[in-house]
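Participant: Here's a structure for you.
No value in this document is a laboratory result; all are computed from the given coordinates. Everything numeric here is computed off the predicted structure, so don't read it as measured data. All Cβ positions, even for glycine, are placed from backbone atoms using ideal geometry, and neighbour counts span all protein chains on display.
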Amino acid sequence: MHPGPRPSIVAFALSLFAGACAATCLAALAPQAVGQALPLARNPVAPEELRLVVDAGLRLERRAGTVDLGLDATAARFDAAGRLWFERSLDDGRVELARESWVLDLGASAPRRPSSGETAPPRSAQPSAPRSAFGAPHRICIDPGHGGADPGAVGNGLFEEAVVLDVALRLRDLLDLDSADPLGGSSWTLLLTRSTDASVSLAQRCDLANAFGADRFVSIHANAFSDPQANGTETYSYLNGTTAAALRERIQARMLQAWNTTDRGVKTAGFYVLVNTAMPATLSELAFISNPSDAQLLGSSLARANAARAHLYALQEHFGATPHAPAAGTAFCFGTVATCPCGNAGQGGAGCANSANALGAKLRADGYPFLAADTLSLSCSGLPATTVVLFFQGTATSAGGAGTVFGDGLRCAAGTVLRLGTRQATFGSATLGGPGEVRVSTSGAVPAAGGLRHYQAWYRNAASYCTASTFNLSNGVSVVWRP
Ligand SMILES: [Zn+2]
């Protein structure tokens, strides 16, 4: 009736399927950049540095070479003799079951168990980078639950580890786009505890967040229960009445708005990552993977993109910004006095001025630049009232992004050029890729692996304006397509 956390016996049984999952359920996800290293400590008696490498675990860097201490190694510290002590943490996916002490002697190539009589130095407080100052980017640690040997919950053909990783990567992409979009006003510095199907222990997730000096820790999970009728969304913090609880309430409200799932409410729990992170931490249970109706949402790439956006909105609100869907691309190639024909500069990030609008025509991209959930649209405003507009795509930029003179404007997108479609402007605006239309990634033949593409709008304009040409162009917009 009231589903609780999965029993550890289920996690153990499911871990037997981890190998099969790694080969199949993550095949659609492209490998992400890995290896971001966080320095944790310097050996006081030797030129060695301890680093935590995202997706690759704890390692000691020496002049003579690197010693890998393992993915599950945690709580590492040097003693006065320069020996490195650390612990290996065993957990069931949420709760720590046991810890083992290990020691690496000076110059040794592999760690060993301590002999009887040897005692580890006390565990000091977690190392922590300085917190971000007021006005600096918010530092967010995104924690996709499970991964690697631990697939998490499994149901309806879905693996929790893959579902939550996909949501986390989309959240990362949206936060990056938000940082690049000056209209939103929010800026984010991000760390993912994993960006691939990697095994990362609970203790190590906390170490990563603490070493990163995160302002907030956002863990993303999917729920499961033996009764398939159990369904809905719930969001956790360790305690009520805290900063974490305030963020938890925003996430819960935005998730319900995005998915219209059953409201199971906001809750408290002593989950390992909520207790052992040094900053306000939340844990989202998006929906039940064991419920057929919830699983349809968890399995839909568009729904997962909306879940990511719900978390984006919650974070924006939590930090005092107005919820803002960031522009999907980065504008470039603006019309200036120096570059536009006849000195007809545009303004405000647009192309060159035209006969109807001294500000020039402005192109922007909205929606999700995700191939699996492409909702990208290209909108051009500031056009002559009823002109014909041709949207096109290039694989490169012209003149390093500055553009080259073309008609009454600048040509910004170059390389292999594809015409995406023409539209008739109404009231000086036109859109390509609206609801129900062919997707931009389809007409642009963007490969399955994604990649960088550049967009621009060409439009008819009066022959009597500036040069004898009868056309002008907008600014360019660069879009990074993700799988
Ligand atoms: Zn989980």
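Participant: Please sort 414-423, 69-78 by packing, taking for each peptide the average over its residues of neighbouring beta carbons within 10 angstrom, highest first. Numbers along the way, then the final one.
Facilitator: Details: 414-423: 15.3, 69-78: 21.7.
Result, highest mean first: 69-78, 414-423.
Participant: For region 186-249 and region 388-434, what is the separation of their C-alpha centers, rounded to whole Å?
Facilitator: 41 Å
Participant: Once fully extended, how much extra length lies between GLU118 and VAL480, figured as 0.36 nm per residue of separation less the alpha-carbon to alpha-carbon distance? Can you show the working numbers first?
Facilitator: Values: separation 362, 0.36 × 362 = 130.32 nm, distance 5.37 nm.
Contour length minus Cα-Cα distance gives 125.0 nm.
Participant: Please state the relative contact order of region 318-421 as a whole percent: Cα pairs under 8 Å, 6+ residues apart?
Facilitator: Reported relative contact order: 23 percent.
Participant: To continue, here is another question. Return the FRET efficiency for the residue pair SER469, GLN257: r is the Cβ-Cβ distance, R0 is 56 Å, and the value is rounded to the nearest 0.05.
Facilitator: Step by step, r from the Cβ atoms, then E = 0.70.
Participant: Using a ≥ b ≥ c from the Cα gyration tensor of the chain (square roots of the eigenvalues), is it rounded, prolate or oblate, where a/c under 1.5 gives rounded and otherwise the larger of a/b and b/c decides, a/b for prolate?
Facilitator: Working: a/c = 2.48, a/b = 1.78, b/c = 1.39.
Prolate.
Participant: Let me ask another. Taking the Cβ-Cβ separation of VAL275 and SER226 as r and a Förster radius of 35 Å, what is the calculated FRET efficiency to the nearest 0.05?
Facilitator: Taking R0 as 35 Å, the efficiency between VAL275 and SER226 is 0.85.
Participant: To continue, here is another question. On average over all directions, what projected area in square nanometres does region 37-104 have, based on the convex hull of its Cα atoms?
Facilitator: If you wrap the Cα atoms of region 37-104 in a convex hull and average its projections, you get 4.7 nm².
Participant: Please give the contour-minus-distance gain from THR66 to ALA136: 0.36 nm per residue of separation, less the Cα-Cα distance, rounded to one decimal in nm.
Facilitator: Extra length from THR66 to ALA136 when fully extended: 21.8 nm.
Participant: Quick check on packing: order 197-209, 41-53, 245-257 by the mean number of other C-beta atoms within 10 Å, highest mean leading.
Facilitator: Details: 197-209: 24.4, 41-53: 16.6, 245-257: 20.9.
Ranking the peptides 197-209, 41-53, 245-257 by packing returns 197-209, 245-257, 41-53.
Participant: Decide, for region 330-481, between rounded, prolate and oblate: order the square roots of the alpha carbon gyration tensor eigenvalues as a ≥ b ≥ c, take rounded if a/c falls under 1.5, and otherwise choose prolate if a/b is larger than b/c, else oblate.
Facilitator: In terms of gyration-tensor shape, prolate.
Participant: Order of PHE392, PHE319, PHE159 from fewest to most other C-beta atoms within 10 Å?
Facilitator: Placing the least packed residue first, the sequence is PHE319, PHE392, PHE159.
Participant: Multiplying the sequence separation of THR404 and ALA321 by 0.36 nm and subtracting their Cα-Cα distance, what value in nm do you get?
Facilitator: Stretched fully, the THR404-ALA321 segment lengthens by 26.1 nm.
Participant: Going by how many other beta carbons lie within 10 Å of each one, how would you line up VAL388, VAL477, fewest first?
Facilitator: Starting with the residue having the fewest Cβ neighbours, the order is VAL388, VAL477.
Participant: At a Förster distance of 25 Å, what's the computed FRET efficiency of ASP176 paired with ALA396, Cβ-Cβ distance as r, to 0.05?
Facilitator: The pair ASP176/ALA396 has a calculated efficiency of 0.70.
Participant: Counting other beta carbons within 10 Å of each Cβ, put HIS324, HIS454, HIS311 in order, fewest first.
Facilitator: Least to most surrounded, the residues fall as HIS324, HIS454, HIS311.
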